[in-house]
Amino acid sequence: MKVKDLQRLFETIAPLSLQESYDNSGLLVGNSNDEISKAIITIDVTEAVVDEAIAENADCIIAHHPLIFKGIKKLTGSNEIERCLIKAIKHSIAIYCAHTNMDNVFVGINKMIADKIGLISRQILAPSKDTLVKLVSFVPTSHIQQVRTALCNAGAGQIGNYSDCTFSTEGKGTFTANEGSSPFVGEQAKLHTEVEERLETVVPKYALAQVLQALQSAHPYEEVAYDVFALENVHPQIGAGLIGELENPEDVSEFLQRIKTTFKADGVRYTESKNNKIKRVAICGGAGSFLISAALRAKADIFITGDVKYHDFFIPENKMVIADIGHYESEQYTKELFYEIVTKKFPKFALHLSKVNTNPIKYL
Ligand SMILES: [Zn+2]
């Protein structure tokens, strides 16, 4: 297996274009063409994790948090990041990270948290804007099925749980093939009219390049006429946080206790609420304060996240519980998620869940 197989696998599920602007997900150390035989899975890359990789004879580290966020101007080992990089390079260990791109997909980090809590009827809490486009192309009737299939196989036409969603209407296309052209139908220098279908479908922005490539290959014309329109629609499976429901409502105090145990939290910081039952649960792994208002709008009874600041705890005004279970605690099961992702596709590839607890925060 090569590093690029791992990249392709992760980036099919969580395309890099879905990461936040401050992020640095993807392959950070190593070459896409390098062979790999064993990977260590971790939340953070620390020196202890790189040492563990060396001891385990692993040649790859798959991490949630990127080791590098900012530009590095020297590599002398003066801090932990530099020491990790030097060690990894010396031992030919690739480092791959899937961070906010994995936060922003339905089957990513928050799915794992929802699984652990047992949430049903899940939806993205704050779907991202500007993630969909409408592609319209004009295809001779003889090739409509071929083009439709190619577009859908490349990632177009997915609406919720339905695939191959397209629409077409018949009409007449006209063109004059100029000097130097070799038209699929018609003759040079003569206005031609052809029965064509206007084929339209929705495309996630991250898949547009490959869908256009599929269009060019499947369409019989030398010059393919197409339009790409921006859409106001949001992609229901791309965005931040998740909201779902408990099968049966639970008492606030019992639910908080359950969360504390499930996420092995040494402490849970929470606010009180007027409701004493929990049914609707909003979650965001990591630092999720930016979603408090979205959770309120979605009528969540509780919002579970990490890294909440003092003043942010005031926002719900007792309409919703905020439970800060800790950044690391909320994301710890990401290791299991990555394990699942890799073994599902490459069942024989050796994987090791890091035994290092990289959480730097301790409680008295
Ligand atoms: Zn995080």
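The values are calculated or read from the model by the stated rules, or taken from the named source; none is laboratory data. Everything quoted here is computed from the prediction, not taken from an experiment. Cβ sites come from the backbone with ideal geometry, for glycine too, and all protein chains shown count toward neighbours. When the accessible area is computed, the model is the full protein with side chains, heavy atoms only, and any ligands, DNA or RNA have been set aside. Shrake-Rupley method; radii C 1.70, N 1.55, O 1.52, S 1.80 Å.
Val234 falls short on exactly one of the conditions (1) hydrophobic (A, V, I, L, M, F, W, C); (2) at pLDDT 95 or above; (3) farther than 20 Å from Ile43 by Cβ, and that condition is (2). Against the list (1) surrounded by fewer than 18 Cβ atoms within 10 Å (Cβ to Cβ); (2) in contact with a strand residue (DSSP E or B) (Cβ under 8 Å, 6 or more places away or on another chain), the condition Val202 fails is (1). Taking the criterion of being on the phi > 0 side of the Ramachandran plot and either at pLDDT 95 or above or surrounded by 17 or more Cβ atoms within 10 Å (Cβ to Cβ) (or both), the residues of the range 117-132 that qualify are Gly118, Ser121. Total residues in the range 33-62 satisfying the condition of being under 24 Å from the mean Cα position of the chain (by Cα) and in a strand (DSSP E or B): the figure is 8.
Just one of the listed residues (Ser293, Ser289, Ser253) is free of Cβ contacts under 8 Å to residues at least 24 places away in the same chain and either crowded, with 20+ Cβ neighbours inside 10 Å or within 16 Å of the ligand (Cβ to nearest atom) (or both), and it is Ser289. Just wondering, is there one or more residues in the range 108-116 that are away from the ligand (no atom under 16 Å from the Cβ), part of a helix (DSSP H, G or I) and open to solvent by less than 10 Å² (accessible area, probe 1.4 Å)? Within the range 108-116, one or more residues are away from the ligand (no atom under 16 Å from the Cβ), part of a helix (DSSP H, G or I) and open to solvent by less than 10 Å² (accessible area, probe 1.4 Å).
Taking the listed residues Ile41, Ile13, Ile54, the one that is of a type outside the set (D, E, K, R) and touching a Leu at 6+ places or on another chain (Cβ under 9 Å) is Ile41, with no other qualifying.
Leu67 fulfils the conditions (1) under 24 Å from the mean Cα position of the chain (by Cα); (2) surrounded by fewer than 20 Cβ atoms within 10 Å (Cβ to Cβ) except for a single criterion, (2). The range 126-204 holds strands (runs of 3 or more DSSP E) entirely within its bounds, and those carrying 2 or more residues that are closer than 30 Å to Asp103 by Cα and among the β-branched types (Val, Ile, Thr) map to 191-204.
Of all residues in the range 303-332, count the ones that are in a loop (DSSP other than H, G, I, E, B) and surrounded by fewer than 20 Cβ atoms within 10 Å (Cβ to Cβ). Step through it out loud before you land on a result.
Here is the first cut: in the range 303-332, the ones in a loop (DSSP other than H, G, I, E, B) are 307-309, 315-320, 325-326, 332.
After this cut, where a residue has to be surrounded by fewer than 20 Cβ atoms within 10 Å (Cβ to Cβ) as well, the list is 307, 309, 315, 317-319.
Of the residues in the range 303-332, 6 are in a loop (DSSP other than H, G, I, E, B) and surrounded by fewer than 20 Cβ atoms within 10 Å (Cβ to Cβ).
Contact annotation: residue pairs with Cβ atoms under 6 Å, 6 or more positions apart or on different chains, pairing a residue in the range 102-125 that is more than 13 Å from Gly239 (Cβ to Cβ) with a partner that is more than 16 Å from the ligand (Cβ to nearest atom) and basic (Lys, Arg), are Ala114/Arg122. Here Phe184 does not fit the description of being under 30 Å from Lys129 (Cβ atoms) and touching a strand residue (DSSP E or B) at 6+ places or on another chain (Cβ under 8 Å). Taken over the range 208-251, the criterion of being among the polar types (S, T, N, Q) and out of contact with any helix residue (DSSP H, G or I) (no Cβ under 8 Å at 6 or more places or on another chain) is satisfied by Gln210, Gln213, Gln216, Asn233, Gln237, Asn248. For first residues located in the range 41-52 and within 17 Å of His99 (Cα to Cα), partners that are polar (S, T, N, Q) and within 14 Å of the ligand (Cβ to nearest atom) and lie 6+ apart or on another chain with Cβ distances below 7 Å form the pairs Thr42/Thr358; Ile43/Gln332; Ile43/Thr334; Ile43/Thr358; Asp44/Thr358; Thr46/Thr358.
All conditions but one from (1) in contact with a strand residue (DSSP E or B) (Cβ under 7 Å, 6 or more places away or on another chain); (2) closer than 19 Å to Val228 by Cα; (3) surrounded by 12 or more Cβ atoms within 10 Å (Cβ to Cβ) apply to Thr176; the one that does not is (2).
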